[in-house]
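Single-structure report; data block below.
The numbers here are math on the coordinates, done by the rules we state, and not lab data. Remember, predicted model here, so these are calculated numbers, not experimental data. So basically every Cβ, Gly included, is an ideal-geometry build from the backbone, and we count neighbours across all protein chains shown.
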Amino acid sequence: MVLRPVSIGARIKRREDPRLIRGLGLYTDDLRLHGMLECAFVRSEYAAGRIVKIDSTRALQRRGVVAVYTYDDLRGEVARAPCAARMDETRDVEHPLLADGAVRYLGQPLALVVAQDRYLARDAALDVDVEIEPGPCVVDPLAALEPDTPRVYRSLPDNVNVRIPPEPEALAAVEKAFAEADGTLSLRIVNQRVAPVPLECRAVVADWQEGAQKLTVWISTQVPHQAKQQIAICLGLSELGVRVIAPEVGGGFGCKLPVYAEECLLSWVSRRLRLPVKWAETRTENLMNTTHGRGQLHDVEAAYRRNGELLALRGRIVAEVGAYASYLGGAIPTFTLLMYPGCYRVGACAFELVNVYTNTMATDAYRGAGRPEAAYAIEMVMDELARKLGIDPVELRRRNFIAPDAFPYQTAGGATYDTGEYEAALDKALDRFDYSGARAAQAEARSQGRLVGIGIATFTEICGLGPSSNANPLQRTGTWESAQVRVEPTGNVTIMTGASPHGQGQETAFAQLASDAFGVGIDDVRVVHGDTDVVPHGVGTFGSRGLVVGGTALHMALEKVKAKAAAIAAHLLDTTPDRLRFDGESFSVAGAATDDGAERRMTFREVASAAHLWNVPVPGQEPGLEAVARFEPEGTTFPFGAHLCQVEIDRETGQLEIQRYVAVDDCGNIVNPLLAEGQRLGGIVQGLGQALCEQVVYDETGQLTTATLMDYAVPKATMFPEIELDSTCTPTPLNPLGAKGIGELGTIGSARCLMSAVHDALAPLGVAPVEMPVTTERLWRVLREAGA
Amino acid sequence: MQIEVTVNGERRSADVAPRMLLVHWLREELGLTGTHIGCETSICGACTVHLDGRAIKSCTLFAVQCDGHELTTVEGLANGNQLHPVQTGFWEEHGLQCGYCTPGMIMSAAALLAEHPDPSDQEIRQALEGNLCRCTGYQQIVSAVRHAAGLTSGSR
Amino acid sequence: MIPAEFDYRRPDTAAEVIALLAAQPDAKLLAGGMSLIPALKHRLLQPGVLVDIARLPGLDQVSERRGRVRIGASVTHGALERSRELAELPLFAETARLIGDVQVRNRGTLGGSLVHADPAADWPAVFLALDGEARCVGPKGKRTIPASDFFVGMLTSALAPDELLLEIELRPQRKRAGAAYCKLRQPASGFALVGVAAEVSLDRRGRCERAAVAITGVNPVPFRAAGVEARLVGGGLDAVTLGRALGEIEELDPMADLHASAEYRCDLARVYARRALLAAAERAVA
């Protein structure tokens, strides 16, 4: 047996990093093509109104300005902007690439200026004379549902994108439970709208080659293959003539999952001008016109027994879709419905979902995409119930957890949970936190008048969505992922994955899988992604599916290659595959290391060489050593965790300090702990950001108050203590890796955990729950009203 | 306007428009695209470079203002193939994910360590307040800088 | 985002600057540019000429002699944070450290901050509390503007458009005196939601002999809380006395925005004034 380090499970530093730490990564805006022109958008300064005039005369007179396009130029040339989640076809409305007479949100693109450089393009954009007759607008989603309110679309008098009533059986079960309950609890729960703010704004370079009749589009996107399909559809091109490349992508967090109007438009312009064109979004455009996340308001009622058992949940969820249905925006709130029961045995669940149009930017996926909203709600229900019944919040959760032996568990939300050990994770977190010690210290602090709070969140979420039967046909793809493994004659390995990353580290984690499969070094594996001409097909990276679905596809392809390698080795070693064993590096003949004096052993590299040289043909096999595989997830995975934190609030000013944060997470098996920790830490802070300081704010006229990073508060390094991580491991049986998904896990529980602590800190004052974000003023106001 | 600037040790002469922002000059004219743009309001720090050894935001400076000065960008930080300790720290401690804030982070961290070779975690966090990162939650960045500080003190 | 086109000049002497300003009514002085350049990029300002004064000789000096602190207009916040000359006056490093971030402090200047007169800037409070004087030069020669006359409106200082700020002079109290700056930062921008610079001198029995309280971030124009100062004289600087003296700050005329309502700013002014006074008093006895 050859001993060698096994890379799966090892803290291997990233192979992406050497280029990135030297400033040699290639992001979309870094691209420079010969003759490339730069674009700038003219955007609506009003949230609602009628376009009276768009006059490009002055702009076109500027030297260096090539063209100015408006909707009139697009008429009949392109289709609507891509939307894969049309929730109710009878209420379908189109989002044009450029505004066609009406404007419905601040920053809606009105015209596109093309010029020789970005300075000239910006100058010229300001020279386009726009006249808009402002109209009435509606910004608040509840106001939008009122009668006699301004309409975002004339055709939709109620501003509703979709209304999904609860299932009758669910409703009946809920009503029964409420009738039998010892008590009920009503809460209004708000998840404010936030901006994803990847550090790299969006960017597009489109290059139409007239000779080849080929369009190449570089996009900072999470889903190059979907973008290719959608751009082809929008422009009426064959997909054979469209290639999308996602080069280095500077963060996505869901907002680079939509295929945007701008991406289609740039493609159209390049084809029209037969020249390469670039658009790099500004941060203000990004805050204003890249999809936002969250934006949900729940009115929820819980029925419970005196012993703390949660029986049923019912209510209404109002979700903001914004001024148009973004790519998947309308579907995101359905994940909230699915995950509402969290990690508890809730007997029945019945919610009405109402997606509302308002004159604001569209919402879409944002790290967690519907699940943090659910976790926030159910955990808040737990906290309030604990308070109401005088039961410790930890104990209340214990009483309601789904037991480890109850899996697979069908929830009242409609999900089938794979595995879970919720109490084990909680116990570990409590131990690490020294919960009883912390409670004692809190009592001491309270007796001194200090506002110290301890928060808790125990949660689960859904990752690696599938099966494809649930996918939306308009997305033109199922929920599978692809991988191709190509072994070179040297035995070096090229991997092509459709799970195109944006910071997750697939180049490292996937190389680890190949390294262990074939016994080649990590550095002898190259992971190729993000190019639709090179990677045959793919779906993308979102919903924590990179490893769960993409990694499993790779695992399957690796197994196929290994099987073929075994067949070749068996032939060359004059045996049969079933008599071979692979020790991680070499094939040898079981039980007969030597037969006639010669060692009957072949390394994987020797097999690779033989497969390509083919001087000894292997009957029934083709030359070469490669395989393609697609993994279709038949079920979904449910990672989980238990977080605890401690905060202290300054009585006078409302300033909040996070003093401790302990996170125990369980994402099943881990390929690279270093990367997994990175995902968790980033996710936790992103959730804490929503709780602490982040909010997209429109005024009543639809102007954006948070249009720069001077007003939209992205969390800074100084806001956090060192987060303490620990984990449990409960593998899933649903994929051979046993991996459950990690990308969003941190975000799911952290916002609620912090808010739980805030409310606990304020508990002695007997105040109503505070809403996010807990800005200093918000807390100050609560403290003042409580007479603190 | 004619300017002369030393960039990563190399003297550069150029004729630039007064309104040319330093970050655009570095990226578009010199092809040094490691310096990134993440905002317009001097908040995010993705464009951080060193001007005469001090960290500054190159999106809030005109190229003409640098006439006669010395600039170091992330491309000029390593000594040939020898990574700067901060670069090594970021690699070792997983101080980056998408990599977009990384050049600016590294430049800020390098400036910090040049002045304070052994900063506390709190000092590191304060020194990085002008650099936003959305991926890491900052913790592994703090570890990276600590790692770099260890390397630097070890080499002395 | 991209600024509109402009001409750029970098004169070598103050006299040339003055001549340029006189000749070009749409000229704007550029020092550190930390407020100006973002405004240009958003095209909130479109001056025809930028006159770069960051390198004018003599404006980057900091000195402390016989109780007089002189700070050149182009001294950066970072230089004040690190200044050895001012090492014994912690107020300066303390204030500087709370401005923006490292990179901003390395470019932004004290002079620029004062002349820009942002209502949420930090130095104006220090300048006011220490009864500073601003030395300027213009077409009619040099003049001195006392801090009390310096801030005339929102984003407006007493400096005429054709004048140049050369330096400021401050006279911190030294005998049984201390000064401090306390601030609550706006979470996104780092500007002051409230910033209070306080200086107190104590008599031998520890009672307040003189108090100065200057508040920024609250009103459209930074101000001295004269009533509070008067009420403090002769009393001790304990929490109860302070509470009484700060019960009302007569000058309050608060701004309101996303990050702090008028009401909140008023309350913050009281809280931070107390904190700054206590910190100053602690330094006075130290």
**Study point:** 222 nm mean residue ellipticity, helices alone, for chain A (DSSP H n ≥ 4; -39,500 (n - 2.57); rounded to 500)
**Key:** -9000 deg cm²/dmol
Check your understanding: How large are Rg and Dmax for chain A when only the alpha carbon atoms are used, in Å?
Key -> 27.9, 93
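Select from chain C the helices, each a whole stretch of DSSP H, whose alpha-carbon atoms run 18 Å or more along the helix axis and whose Kyte-Doolittle mean is at least -1.0; answer none if there are none. Let's see the in-between values first.
Working: long enough: C:262-285 (34 Å, 0.05).
The qualifying helices are C:262-285.
State the dimensionless ratio Rg/Rh of segment A:172-320 (Rg: radius of gyration of Cα atoms; Rh: Kirkwood radius). If you can, show how the numbers build up before the last one.
Details: Rg = 23.3 Å, Rh = 18.4 Å.
That ratio is 1.26, to two decimals.
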Check your understanding: Hey, which lysines would be in cross-link range of C:Lys140, C-alpha to C-alpha under 23 Å, not counting anything within fewer than 8 residues on its own chain?
Key -> C:Lys28
Practice item. Take the alpha-carbon centre of segment B:121-156, take the same for segment A:84-137, and report the distance between them in whole Å. Key: 42
Revision key, fill the gap. Taking a crude spin-label model, label points 7 Å out from Cα along the C-beta direction, the A:Leu142 to A:Thr576 distance in nm is 7.4
Review point. Using the scaling law 2.2 N^0.38 Å as the reference, what is the normalised Cα Rg of segment C:161-286?
Key: 1.10
Practice item. Could you give the C-alpha radius of gyration of segment C:1-145 expressed as a fraction of 2.2 N^0.38 Å, taking N as the number of residues it contains? Key: 1.07
Practice item. Arrange A:Asp405, B:Asp15, C:Asp118, C:Asp203 by Cβ neighbour counts within 10 Å, fewest through most, would you? Key: A:Asp405, B:Asp15, C:Asp203, C:Asp118
Practice item. Show me A:364-373, C:218-227 ranked by packing, highest mean number of other Cβ atoms within 10 Å first. Key: A:364-373, C:218-227
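Excluding C:Gln24 itself, what net charge comes from residues whose Cβ is under 11 Å from its Cβ, given Lys and Arg +1 and Asp and Glu -1? Don't skip to the end; give the middle numbers.
Numbers: positive: C:Arg9, C:Lys28; negative: C:Asp7, C:Asp26, C:Asp162.
Here the count lands on -1.
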Study note, to complete from the structure: As a Kirkwood estimate from alpha-carbon pairs, chain B has a hydrodynamic radius in angstrom of 15.6
**Study point:** Share of pairwise Cα separations in segment A:1-115, more than 22 Å, in percent
**Key:** 60
Point to revise | For A:Ile391, A:Ile317, C:Ile71, order by how many other beta-carbon atoms lie within 10 Å, fewest first | key: A:Ile391, A:Ile317, C:Ile71
**Study point:** segment A:629-698 - Rg and Dmax from Cα coordinates, angstrom
**Key:** 17.1, 61
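Could you list A:Tyr422, A:Tyr105, A:Tyr71 so that the one with the fewest beta carbons within 10 Å of its beta carbon is first and the one with the most is last? Don't skip to the end; give the middle numbers.
Numbers: A:Tyr422 26, A:Tyr105 29, A:Tyr71 18.
In increasing order of surrounding Cβ atoms, one gets A:Tyr71, A:Tyr422, A:Tyr105.
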Practice item. When you have a sec, figure out the Kirkwood radius of chain C from all distinct Cα pair distances and drop it here in Å to one decimal? Key: 19.3
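Considering only DSSP states other than H, G, I, E and B, which GluC sites (Glu not before Pro) in segment A:47-107 qualify as loop sites with at most 14 other Cβ atoms within 10 Å? Could the numbers behind the result be given before it?
Numbers: sites: A:Glu77, A:Glu89, A:Glu94; in loops: A:Glu77, A:Glu94.
The qualifying sites are A:Glu77, A:Glu94.
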Point to revise | Eligible lysines near A:Lys214 by straight Cα distance, threshold 22 Å, same-chain separation 8 or greater | key: A:Lys228, A:Lys278
Exercise for review: Would you be so kind as to identify all helices of chain A, as entire DSSP H runs, whose Cα atoms reach 20 Å or more along the helix's own axis and whose mean Kyte-Doolittle hydropathy is at least 0.0?
Suggested key: A:552-572, A:673-692, A:745-762
**Study point:** All lysines inside 30 Å of A:Lys13 as judged from Cα atoms, apart from same-chain residues fewer than 8 positions distant
**Key:** A:Lys256, A:Lys428, A:Lys560, A:Lys562, A:Lys716, A:Lys740, B:Lys57
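Among residues other than C:Ser261 whose Cβ falls under 10 Å from its Cβ, what is the net charge (Lys/Arg +1, Asp/Glu -1)?
Numbers: positive: A:Arg781, C:Arg265; negative: A:Glu777, C:Asp257, C:Glu263, C:Asp267.
Neighbour charge sum, excluding C:Ser261 itself: -2.
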Exercise for review: Give the whole-number value, in cubic angstrom per residue, of the convex hull volume spanned by the C-alpha atoms of segment A:130-208.
Suggested key: 283
